[in-house]
Amino acid sequence: MSNRKDVILEIRNLTKTFPGVIANKDVDLDIERGEVHTLLGENGAGKSTLMKAIYGIYGMDSGTVKYNGNPLDAKSPKDAIAVGLGMIHQHFLLVQEFTVLENIIMGLKADKGIHLDLGKHRSRVEEIVERFEIRLDLDEKVKNLSVGMQQKVEIVKVLYRNAKFLILDEPTSVLTPQESQGLFGIIERLKKEGATVIFISHKLDEVLQISDRITVLRDGEVIETVVNKDLRKDDLSAMMVGREVTLDVDMPEVELGPDGLELDKISLVNPGGKTVLKDVSFSIRKGEILGIAGIDGNGQEELAQVLWGTLKASGGSIKLHGSTVDDLSTRKRMDMGMAYIPADRKKEGLVGTFQVSENIVLNSYYKPHFIKGLGQDFGAIREYSERLVQEYNVKTPALSVWAKNLSGGNQQKLILSRAIEGNNDVFIIAQPTWGLDIGAIEFVYRKISELKEAGKTILLISTDLEEVRSLSDRMCVIFEGEVSETFRVQDKQVAEIGLLMAGGKRREE
Amino acid sequence: MDSQFMIIIGILLGSTIRYTVPILYAALGGLITEKAGVLNFALEGLMLAGAFFAYYGNLVTGSILVGVLCALAAGALTGLILSISILKYKASQLVMGIGINIFYLGLTGYFFRIIGSSGAETMVDDLLGSIHIPLLEDIPLIGVLFEQNILVYLLVVLVIFTARFFNKTTIGLNLKAVGENPYAAAAVGVDVIKNRTLAIVVGSMLAALGGGVMTLTMARVFLENMVNGRGWIAFTAIILGRYSSKGVLIGCLVFGAATALSDIVQIVGIDIPYQAALMVPYIITIVALVLSVGGGNAPAALGARYDRE
Ligand SMILES: Nc1ncnc2c1ncn2[C@@H]1O[C@H](COP(=O)(O)OP(=O)(O)OP(=O)(O)O)[C@@H](O)[C@H]1O
Ligand SMILES: [Mg+2]
């Protein structure tokens, strides 16, 4: 049987270690030409590392990789790109200061000489963008793009290089279901054109929808490869975590207290003169979770930043525990009990080249219990970090490891742990489960419900409508910087909410 | 217009150019290095090395061309040492830069004393001749701009070329990507180490040539510590010029003009302490640059060390 298979990528005995961790152990894997092959595994299972080793970003300790029958010993991505591989990384690898177009074309050779023919590139990129129906402003700087948009830039970057073998490391983790469907459309199309795809995702519905075969990794080892036929989500989670997982949360009934957070006509005009937020008003009571649903890039990030004090509102007023905080710094707001879990963990959440423990006390290092004399009390910091890492199951070989070396999901757990454990009582939580495996999502949902039970005020911002619906008491929808009326989750149908998210109500008017 | 005024303007323009050219070479070199994400703290030392070796090459062979080549070689060699220590052995960019500065201050001073004490003639005679551009050189007031030596014209070409290089070429775009986010650049197949090495070497050669210009076309002799802070002015011009060729050009020109002006003030005999007059160009440069362009815009990965994952 095996001789009939047309194997395009053959991995044998691949082992990759980092100091203190075996990220991949004796991995054997065959990818067949023209298939969509999903890698499934918990956070830190070694999916990204395996892909990076093939792609030439990491050197491997031992093992062989063959592509199209020829040894592929990529010393750098250049070698992999040269034979037709293309990879979309879990964490965007974009130049913030460059425009979308510049990001797409960087690294390419000119057709002739060294002249950069932007016009020619532009028309070619436009062609692709049109063919795959991707909406993208080529002249916008990437730093002004939402994460969802940045993801699209990464996709176009790979498409533009005409890759025949695509590695997509969690490309949908920040996309809305609609956007993900768009991406799957692209994948189907590429598949028809003969491309092969390795897909990584924690979203099991998607995995079942798009995959031909699925390989499960656990602790760096291949557990099994199955054909995607008659599989259910439960089968997948059982293979992955070793037990069944349900994401149905039972939110506790809580006696609501007074308003913890009030927004009155918050508006924001960006430096470019564009209105990003318009008269956003709502209030959240203690013990209540208010969810904001909406497609990424409609002002969510900015709203969170205005609340957090890193952006200054152009108008309106914010009250925390009943007192106005408009002119207070972020630090002051933190001292008043505000905590923030940002959507963009690389930009706002972590200092990549700080150690895990340093990142854990990033929001609290100055508090008295971490201070000894004129310096830090490193003993106390270590103890605290150890506890959080343990409790939140942050997989790391040591507390001294750089945060950027944690797997994506573990970075997210770190950020969550520090916000939740900081004795805070008003929470701005954006995309809390971005990149988490379902075991971890279950854990986070439980933590959020505990916060609610303890009477905390919680604003949940998420592009995952299901998440918003299952966690929130009340919710609203943000579209182009305006929020809808808030309503109780059970009072509106999903379809109706979907319409709001697409700006439906506005169009009717 | 009275002729005395005309003459003063002529002198002013001429010496503005003379003061601008060396630092502009160094600043351009520094700019290229920093665009690739590597801080160049060694500009002062590189200029000093260039000044000495250009002078020495010329002194020994009597050929200006050899002088120029010596400066370039000194720059290239130093650049290579910088590249290897910073990129391969991950030495601190700051420490290496400062080290180079101190090293050349000592080395050139020492060599110069050896040459001086040998009793030989220490003045180079052959100055680089000016190239007169017909017609343009006859324009009143600014005619002086068109009777410069070849290194000045070369610099004009270089400034234009650098601006185009960064904005209109693929390799320029890649180099900028390396300075902004080396990991993103590497992921699309750009060789970060190669790009940075090239940027450091080429940048160091230009900075050294800037020093060479001082001994080849201006002073005709080497003096201990003759660069005297010009490397640091170049360094500042890059920052305040917001990391663009244009900004750097403006910054260096303002400094050149201010220095020229302070000369005139002293010559004409306006009564201010000469130390104050010497200070003026530095102050004017910084004020002008802060007002005109401000800071910021540094490559995002500037100064950060790069580890291949
Ligand atoms: N550069 C690095 N240095 C040290 N350790 C690393 C590095 N990259 C990954 N690791 C470790 O290797 C293990 C596997 O990480 P990897 O990123 O491959 O996981 P993953 O399966 O992609 O997880 P996730 O679903 O969270 O993205 C983790 O324990 C991680 O901490
Ligand atoms: Mg990963």
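The values are calculated or read from the model by the stated rules, or taken from the named source; none is laboratory data. Here the structure is a predicted model, which is why all the values come from computation and not from measurement. Please note: Cβ atoms are built from the backbone with ideal geometry, for glycine as well, and neighbour counts cover all protein chains shown.
Restricting attention to region A:80-97, the residues that are touching an Asp or Glu at 6+ places or on another chain (Cβ under 8 Å) and facing chain B (nearest Cβ under 7 Å) add up to 6. Considering only residues in region B:187-206 that are within 14 Å of another protein chain (Cβ to nearest Cβ) and not small (Gly, Ala, Ser), the one that is farthest from B:LEU82 (Cα to Cα) turns out to be B:VAL188.
Checking the structure you have, find out if any residue of region B:182-200 is hydrophobic (A, V, I, L, M, F, W, C), crowded, with 24+ Cβ neighbours inside 10 Å, under 15 Å from the mean Cα position of the chain (by Cα) and farther than 30 Å from A:ASP79 by Cβ. No, region B:182-200 contains no residue that is hydrophobic (A, V, I, L, M, F, W, C), crowded, with 24+ Cβ neighbours inside 10 Å, under 15 Å from the mean Cα position of the chain (by Cα) and farther than 30 Å from A:ASP79 by Cβ.
Just one of (1) within 30 Å of A:LYS192 (Cβ to Cβ); (2) away from every other protein chain (no Cβ under 13 Å); (3) crowded, with 21+ Cβ neighbours inside 10 Å fails for A:PRO71. It is (3). Only residues that are in contact (Cβ under 8 Å) with a residue 12 or more places away in the chain, farther than 11 Å from A:LEU101 by Cα and surrounded by fewer than 18 Cβ atoms within 10 Å (Cβ to Cβ) were counted across region A:112-131, and they come to 1.
Residue-wise test of (1) in contact with a Phe, Trp or Tyr (Cβ under 9 Å, 6 or more places away or on another chain); (2) at pLDDT below 90.
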| site | (1), (2) |
| --- | --- |
| A:VAL361 | yes, yes |
| A:GLY375 | no, yes |
| A:VAL389 | no, no |
| A:GLU450 | no, no |
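Looking at A:ILE186, is it under 28 Å from A:ASP248 (Cα atoms), away from ligand 1 (no atom under 14 Å from the Cβ) and in contact with a Phe, Trp or Tyr (Cβ under 7 Å, 6 or more places away or on another chain)?
The answer is no for A:ILE186.
Just one residue in the set A:GLY113, A:GLY148 is on the phi > 0 side of the Ramachandran plot and among the small types (Gly, Ala, Ser); that residue is A:GLY113.
Selection within region A:160-180: residues that are at pLDDT 90 or above and more than 16 Å from ligand 1 (Cβ to nearest atom). The member of this set that is nearest to the other protein chains (Cβ to nearest Cβ) is A:ARG161.
Of everything in region A:28-60 that is touching an Asp or Glu at 6+ places or on another chain (Cβ under 7 Å) and aliphatic (A, V, I, L, M), the residue that is farthest from the other protein chains (Cβ to nearest Cβ) is A:VAL36. Residues in region A:93-106 that are surrounded by fewer than 23 Cβ atoms within 10 Å (Cβ to Cβ) and in contact (Cβ under 8 Å) with a residue 12 or more places away in the chain: A:LEU93, A:GLN96, A:GLU97, A:PHE98, A:THR99, A:LEU101.
Residues of region A:90-97 include none that is away from ligand 2 (no atom under 16 Å from the Cβ), modelled with pLDDT under 90 and among the charged types (D, E, K, R). Per the conditions (1) more than 26 Å from B:ASN181 (Cβ to Cβ); (2) facing chain B (nearest Cβ under 9 Å), the sole criterion not satisfied by A:PRO77 is (1). Residues in region A:416-425 that are farther than 18 Å from A:ILE381 by Cβ and within 16 Å of ligand 1 (Cβ to nearest atom): A:LEU416 alone. Close contacts from region A:381-404, counting a first residue that is farther than 22 Å from A:GLY439 by Cβ and a second that is β-branched (Val, Ile, Thr) and not in a helix (DSSP H, G or I), with Cβ to Cβ under 6 Å and a gap of 6+ residues or different chains, come to A:ILE381/A:VAL361; A:TRP402/A:THR353.
Residue-level analysis places A:ALA419 among those that are small (Gly, Ala, Ser) and crowded, with 18+ Cβ neighbours inside 10 Å.
Among the residues of region A:468-485, write down those that are without any contact (Cβ under 8 Å) to a residue 40 or more places away in the chain and either farther than 22 Å from A:ASP259 by Cα or not hydroxyl-bearing (Ser, Thr, Tyr) (or both). Answer for region A:468-485, where residues must be without any contact (Cβ under 8 Å) to a residue 40 or more places away in the chain and either farther than 22 Å from A:ASP259 by Cα or not hydroxyl-bearing (Ser, Thr, Tyr) (or both): just A:GLU485.
Looking at A:SER400, A:SER484, can you tell me which residue is within 16 Å of ligand 1 (Cβ to nearest atom) and not assigned by TED's automatic domain parsing to the domain that holds A:THR17?
Just one listed residue meets the conditions, A:SER400.
Picking from residues in region A:136-150 that are in contact with a strand residue (DSSP E or B) (Cβ under 8 Å, 6 or more places away or on another chain) and within 14 Å of chain B (Cβ to nearest Cβ), the one that is farthest from A:LEU94 (Cα to Cα) is A:LYS141. Of the set (1) closer than 18 Å to A:PRO177 by Cα; (2) touching a strand residue (DSSP E or B) at 6+ places or on another chain (Cβ under 7 Å); (3) acidic (Asp, Glu), all apply to A:GLU466 but (2). The strands (runs of 3 or more DSSP E) located wholly in region A:1-61 that include 2 or more residues which are in contact (Cβ under 8 Å) with a residue 60 or more places away in the chain, under 16 Å from A:THR225 (Cβ atoms) and within 16 Å of ligand 2 (Cβ to nearest atom) occupy A:21-32, A:36-40. Among the candidates B:LEU24, B:LEU31, B:LEU69, the residue that is in contact with a Phe, Trp or Tyr (Cβ under 7 Å, 6 or more places away or on another chain), over 21 Å from B:GLY99 (Cβ atoms) and modelled with pLDDT of 95 or more is uniquely B:LEU31.
Scanning region A:237-282 for residues that are more than 24 Å from the chain's Cα centre (by Cα) and of a type in the set (Ser, Thr, Tyr) yields A:SER267, A:THR275, A:SER281. Screening A:LYS413 against (1) more than 16 Å from ligand 1 (Cβ to nearest atom); (2) touching a Phe, Trp or Tyr at 6+ places or on another chain (Cβ under 6 Å) leaves a single unmet condition, (1). Residues considered: A:ILE441, A:ILE381, A:ILE428. Of these, the only one that is away from ligand 1 (no atom under 14 Å from the Cβ), within 24 Å of A:VAL174 (Cα to Cα) and crowded, with 16+ Cβ neighbours inside 10 Å is A:ILE428. Among the residues of region B:223-253, those that are among the basic types (Lys, Arg) and part of a helix (DSSP H, G or I) comprise B:ARG230, B:LYS246.
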